[in-house]
1. Considering region B:230-259 alone, what residues qualify as being in contact with a Pro (Cβ under 6 Å, 6 or more places away or on another chain) and either within 26 Å of residue A:306 (Cα to Cα) or within 11 Å of chain A (Cβ to nearest Cβ) (or both)?
2. Report whether or not residue B:291 is more than 14 Å from chain A (Cβ to nearest Cβ), open to solvent by 10 Å² or more (accessible area, probe 1.4 Å) and in a loop (DSSP other than H, G, I, E, B).
3. Of the conditions (1) surrounded by fewer than 24 Cβ atoms within 10 Å (Cβ to Cβ); (2) more than 12 Å from every other protein chain (Cβ to nearest Cβ); (3) in contact (Cβ under 8 Å) with a residue 60 or more places away in the chain, residue A:98 satisfies every one except a single condition; which number is it?
4. Give me the residue from region B:101-121 that is part of a loop (DSSP other than H, G, I, E, B) and over 24 Å from residue B:275 (Cβ atoms) and, out of that set, most open to solvent (accessible area, probe 1.4 Å).
5. Is there a residue being surrounded by fewer than 18 Cβ atoms within 10 Å (Cβ to Cβ) and either among the aromatic types (Phe, Trp, Tyr) or touching a helix residue (DSSP H, G or I) at 6+ places or on another chain (Cβ under 7 Å) (or both) anywhere in region A:271-278?
6. What do you reckon, is residue A:298 on the phi < 0 side of the Ramachandran plot, within 13 Å of another protein chain (Cβ to nearest Cβ) and not acidic (Asp, Glu)?
7. In this structure, does residue A:296 turn out to be in a strand (DSSP E or B), hydrophobic (A, V, I, L, M, F, W, C) and within 26 Å of residue B:44 (Cβ to Cβ)?
8. Given the conditions (1) open to solvent by 10 Å² or more (accessible area, probe 1.4 Å); (2) in contact (Cβ under 8 Å) with a residue 60 or more places away in the chain; (3) more than 18 Å from residue B:182 (Cα to Cα); (4) in contact with a strand residue (DSSP E or B) (Cβ under 8 Å, 6 or more places away or on another chain), report the number of the one that residue B:253 does not fulfil.
2 protein chains.
Amino acid sequence: MFDKVEAAYERIKDIVNHTPVMTSTTLNDQLNCECFFKCENFQKIGAFKFRGAVNTLLQLTEEEKERGVITHSSGNHAQALSLAAKIVGVKAVIVMPENAPKVKVTATKGYGAEIVVCGSKPGDREEAVKPLMKKHGYTLVHPSDDLRIIQGAGTSAYELIKEVGELDYVFAPVGGGGFLSGTALATKGLLPNAKMIAVEPKNADDAYRSFKEGKIIPSINPNTIADGLRTQLGPNTFKIVMEYVDDIITVTEEEIVNAMQFQWERMKLVVEPSGSVSLAGVLSKQYDLDGKRVGIMISGGNIDLTDFFTTLKNSLS
Amino acid sequence: MFDKVEAAYERIKDIVNHTPVMTSTTLNDQLNCECFFKCENFQKIGAFKFRGAVNTLLQLTEEEKERGVITHSSGNHAQALSLAAKIVGVKAVIVMPENAPKVKVTATKGYGAEIVVCGSKPGDREEAVKPLMKKHGYTLVHPSDDLRIIQGAGTSAYELIKEVGELDYVFAPVGGGGFLSGTALATKGLLPNAKMIAVEPKNADDAYRSFKEGKIIPSINPNTIADGLRTQLGPNTFKIVMEYVDDIITVTEEEIVNAMQFQWERMKLVVEPSGSVSLAGVLSKQYDLDGKRVGIMISGGNIDLTDFFTTLKNSLS
């Protein structure tokens, strides 16, 4: 399926940001290895999700484009689909729960999508989507378990490897598995000998358990600061993960925040907790990286800083 | 003096980070101009100061190198000189006031310099430096008013312009004037028609008043969140500013924090308040930038995030 990642890259490369690769001398010295961070926090809308959304919308039929698309999300996928739809010229409807953070609703609306508010109980979102699809003929764009989304997501690791060359390891976070699946396809396609390691919060370890048991284990009441990783694998992502991922390891909440603190303080990167999980995996030393070349995927940088800046403004003289 | 900036670039280019240039579609759309951010927050030690320190130390005589260097600083210059001295292989002594933030003392010591603690009253630092210079023959490296420091600082704008080409405006923050003077030399040397605009906190407007009155006005009790800009111009920086800078404008504390919030939230860049002052100047719309190409110098990203991460860790379940 690697050729589809390559095709996705050619399809979207003039629309998405070619995100920078960053390094840290401090980290390299500390671990005695060479780490290359692929920074999707610098992607449009602040996360890798924009890649898959563009890749999907560009492949709709003319008829589908005319009818528009729909999804349910309160996170990065909502903003990604909203902006991608504006750029491609397609109507987008986003179903968001009534308790979604106002800053995310505003951002999503700001990119041009129509927002439909639904209840916040499990199943409410799906229930709200169905009648709208039936009535208007909208195409559903799933946040992760869709091959076009996965292949689009894979263009990030594709860019990374084309830029830095040989790698011994690639670390990526796993939640719904879209980013991981795409990263794995690109990595194994370009570097068959590189090890693909997924990292998951211990407090939301459904992918870890699914991988070990060989069947999809649902994510029940995940309790992690990494809000983007609370979802579970789907049939498509599970299949790719089982085939292309070498291992899934878990990290604690404290390890996630420590990794995030390193990225903010030492690397000057605003990374969201979900995006710091891959570095947390590297720092957990479950793999011996001595002398190795390591790719570290940063999925995004969308974190609510309202409180931080309100406090700062209140402290002004 | 532009040739000296070029020479500095050749001298230090393999030691300093070639920092990335970042852009923001949101900002460009909002202002209808093209902005190019030169990101010295990604420089070694997290600020442009490393450039001048390396440029200075590499020009010492063998005898001066053997005796070592000294400076007084509680900020970025201390860390810059400490790391530069380690790399060049020179002993560095940093005089720091007893009330300097512990995180900065630790960082400076971490790079290898010897720390000498002094009192925190005005003049205490200078008093502590003198006898050490006399006794050990250390060479004093001033944080800003030294031509080698200025020329080294200028290599940042030099890189920016070499990378992005023609610019109509360049905005830079001003405190002691080292970064501004270097930026002005590089800008006017490469782009004689570009306007060089300095931006200063209204609450520390000594450079603004010095520029308007044609003589150095001391900075007395500056009260600004932009801690790197509380210092004042010296004879060298004042002369360069008068000759090469087109205007100095001022911004409020709230404008500084708003610019910083934009850089963190929308651009995912950790920028310190002093480093956001240049964007604050752009956003203040004192200049009509419609259709223009604008360089925006980010001086650094060293801000104490201990409280932020302590709160985050305490909130973990």
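1. The answer is B:256, and nothing else.
2. Yes; evaluated as a whole, the condition is true for this residue.
3. Answer for residue A:98: the failing condition is (3).
4. Quick first cut of region B:101-121, residues part of a loop (DSSP other than H, G, I, E, B) only: B:101, B:111-113, B:119-121.
Next, from what is left, pick out any that are over 24 Å from residue B:275 (Cβ atoms): B:112, B:119-121.
Working: B:112: 60, B:119: 23, B:120: 59, B:121: 134 Å².
Per the stated criteria, the residue is B:121.
5. No, region A:271-278 has no match at all.
6. yes
7. Yes; evaluated as a whole, the condition is true for this residue.
8. (2) is the only condition that residue B:253 fails.
The values are calculated or read from the model by the stated rules, or taken from the named source; none is laboratory data. Please read these numbers as outputs of a predicted model, since none were measured by experiment. Methodologically, a virtual Cβ is constructed for each residue, glycine included, from the backbone with ideal geometry; neighbour enumeration extends over all protein chains shown. Heads up: the accessible areas ignore ligands, DNA and RNA and are worked out on the full protein's heavy atoms, side chains in. Shrake-Rupley method; radii C 1.70, N 1.55, O 1.52, S 1.80 Å.
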